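Trainee: Encoded as structure tokens, here's the structure I'll be asking about.
The values are calculated or read from the model by the stated rules, or taken from the named source; none is laboratory data. All figures in this text were calculated on a predicted structure; none of them were measured in a lab. With ideal geometry, Cβ positions are generated from the backbone for all residues, glycine too; neighbour counts draw on all protein chains shown.
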Amino acid sequence: MKKVSKLLFMLCVSGYVQAQSLEPKLNQAILQSKQGAVVELPGFLKQNFRSIEYQKIVQPGPQFLISDDPEYIRVPEAIAFQEPVQPGAVRLYVYNVNGVKEPQKIDRKITTVIKNTGTADMHLRMLKYSSQKPTTNYFLAGKQGLADFFAAQPEKKIRTIKPGQVVAIDEQLEKNVVKYDELVHGFYEFVIDQPGQVSVIQTDLKTSGPAALARIKEILPPKGHSGAGRGVFGVSNYRVITEGVLDTKNGPAEIIMADGKKDPWVKGHESTRDQVATLAGNYGVMYEVEMKWKSSDGKGLALVTWNSRADDNQWCGGMAATMVMSKGKFDAGIIQLPSDRLNTKKDPEAIVIQVFPPAANGEEQTIKFTYSPPGASCLPTPLIFVPVDMK
């Protein structure tokens, strides 16, 4: 089987090299770029790049909850999300907007709470905390949210919640004023030792989340076409291992994740309808990617991305992301994309993520990075590996 795979790999390579070689001036544009900066690569990005195939392994991870349907909460007070959670690790992604405009636009509070539904004290410890100010700049929230999540460290504080007690998961959300059309963006990971119930609530500014939960009876139904979805999902982490060894002599190639086809949307459960839920976009899912490569021709390997969906509709006019990248020409670490502006628009704009120099003896190297589909951006966001002359 390995021989067959290698043969197919080589067949796929043939016929692409001349058509997709990088012009010298574009080569220099990449080499002269700072990490995360936008460069223009006219005539290059819309080619039919060779696909990098991969195996995807579901990794152990937390229960994954996402609140993004309805994305826009149109009534002054309601529960927009409510799901049970079991003892253990929990990842919660909140992506909701104050959409109240009738009879007039009003300020609201959007907050998250957890109720201890067990029979003993619940102990809650925050492992990762990422909470952005309410904003109409959705790209900034999505990009900064991922950056803060990647950088977050476990808190030492342990909160005790009595049986039946309700507390705010994020105290900052209790204080925020959310104006019309502003997004509340929170991304959390925490551990609990009792069963619970997590709710996302929109209410007035004077009412606390726990008090609102006791008062509100209405749970908004999901719309199905609004936002990425909602529910509890069974996949939170993937390990992605690419097939074969990418060789710079074979020209550019791209890896596509979170497209809903090659990489299907993860499934879960939405309790208000007792139905299977779909997470359109796999937002909040972490992809730990490993790729082997070598240079038979002495070239380095640049990694770039771009907004491939820019021409699809009015919502796809920009793209912003954040990744964790292994060392290359630039240091390893968290990189916001782009780093020199809010977002990238469309072809010919591309973002330089990293440049990997070739090994002196041409031996294999391994690239590792963490990718998560960026909130507020249309998917997929292709990752293109481009051979570059380092001289």
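Trainee: State the number of residues belonging to region 223-261 that are without any contact (Cβ under 8 Å) to a residue 40 or more places away in the chain and not assigned by TED's automatic domain parsing to the domain that holds Q86.
Mentor: The number of residues fulfilling the criteria is 1.
Trainee: Let me ask something else about it. Of the numbered conditions (1) under 26 Å from D68 (Cα atoms); (2) among the small types (G, A, S); (3) more than 21 Å from the chain's Cα centre (by Cα), A280 satisfies every one except a single condition; which is it?
Mentor: Failed condition: (3).
Trainee: Please go through region 314-337 and pick out each residue that is assigned to a loop (DSSP other than H, G, I, E, B), out of contact with any helix residue (DSSP H, G or I) (no Cβ under 7 Å at 6 or more places or on another chain) and in contact (Cβ under 8 Å) with a residue 24 or more places away in the chain.
Mentor: G317, S326, G328, K329, F330
Trainee: Residue check, Y95 against (1) in contact (Cβ under 8 Å) with a residue 12 or more places away in the chain; (2) touching a strand residue (DSSP E or B) at 6+ places or on another chain (Cβ under 9 Å); (3) surrounded by fewer than 19 Cβ atoms within 10 Å (Cβ to Cβ), all met but one. Which one?
Mentor: (3)
A quick yes/no check of all residues on (1) modelled with pLDDT under 95; (2) of a type in the set (V, I, T); (3) farther than 17 Å from E71 by Cβ:
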position	(1), (2), (3)
Q86	no, no, yes
A89	no, no, yes
N96	no, no, no
I114	no, yes, yes
G118	no, no, yes
M126	no, no, yes
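Trainee: Can you name every residue in region 33-82 that is of a type in the set (K, R) and in the same structural domain as V304 (by TED's automatic domain parsing)?
Mentor: Answer for region 33-82, where residues must be of a type in the set (K, R) and in the same structural domain as V304 (by TED's automatic domain parsing): K34, K46, R50, K56.
Trainee: Next up: I want to confirm something. Restricting to region 279-305 and keeping residues that are more than 19 Å from L146 (Cα to Cα) and of a type in the set (S, T, N, Q), which single residue is surrounded by the fewest Cβ atoms within 10 Å (Cβ to Cβ)?
Mentor: Looking at the filtered set, the residue picked out is S296.
Trainee: Anything in region 226-266 that is within 22 Å of E364 (Cβ to Cβ) and of a type in the set (D, E)? List them, or say none.
Mentor: E243, D247, E254
Trainee: Could you identify the single residue in E40, E102, E71, E83 that is in contact with a helix residue (DSSP H, G or I) (Cβ under 8 Å, 6 or more places away or on another chain) and of a type in the set (D, E, K, R)?
Mentor: Exactly one residue qualifies, and that residue is E40.
Trainee: Just to verify a result, which residue in region 73-128, among those that are over 27 Å from the mean Cα position of the chain (by Cα) and acidic (D, E), is farthest from A228 (Cα to Cα)?
Mentor: D121
Trainee: Going by the structure shown, is S308 assigned to a loop (DSSP other than H, G, I, E, B) and either farther than 19 Å from V39 by Cβ or touching a helix residue (DSSP H, G or I) at 6+ places or on another chain (Cβ under 7 Å) (or both)?
Mentor: no
Trainee: Turning to a different aspect of this structure: Which residue out of F81, F64 is touching a Lys or Arg at 6+ places or on another chain (Cβ under 7 Å), over 25 Å from P154 (Cα atoms) and aromatic (F, W, Y)?
Mentor: F81
Trainee: Specify the residue that is nearest to N137 (Cα to Cα); the eligible residues are those in region 306-342 that are among the β-branched types (V, I, T) and surrounded by fewer than 24 Cβ atoms within 10 Å (Cβ to Cβ).
Mentor: In this case the residue turns out to be I335.
Trainee: I'd like to verify a number: residues in region 40-87 that are loosely packed, with under 15 Cβ neighbours inside 10 Å and either at positive phi or of a type in the set (A, V, I, L, M, F, W, C) (or both), how many?
Mentor: Result for region 40-87: 4.
Trainee: Can you give me the ranges of the strands (runs of 3 or more DSSP E) entirely in region 39-136 with at least 1 residues that are in contact with a Phe, Trp or Tyr (Cβ under 6 Å, 6 or more places away or on another chain)?
Mentor: By residue number, 54-58, 63-68, 88-98, 122-131.
Trainee: Working carefully through the options K368, K345, find the one that is under 17 Å from M257 (Cα atoms), surrounded by fewer than 16 Cβ atoms within 10 Å (Cβ to Cβ) and either not assigned by TED's automatic domain parsing to the domain that holds G260 or not aromatic (F, W, Y) (or both).
Mentor: K368
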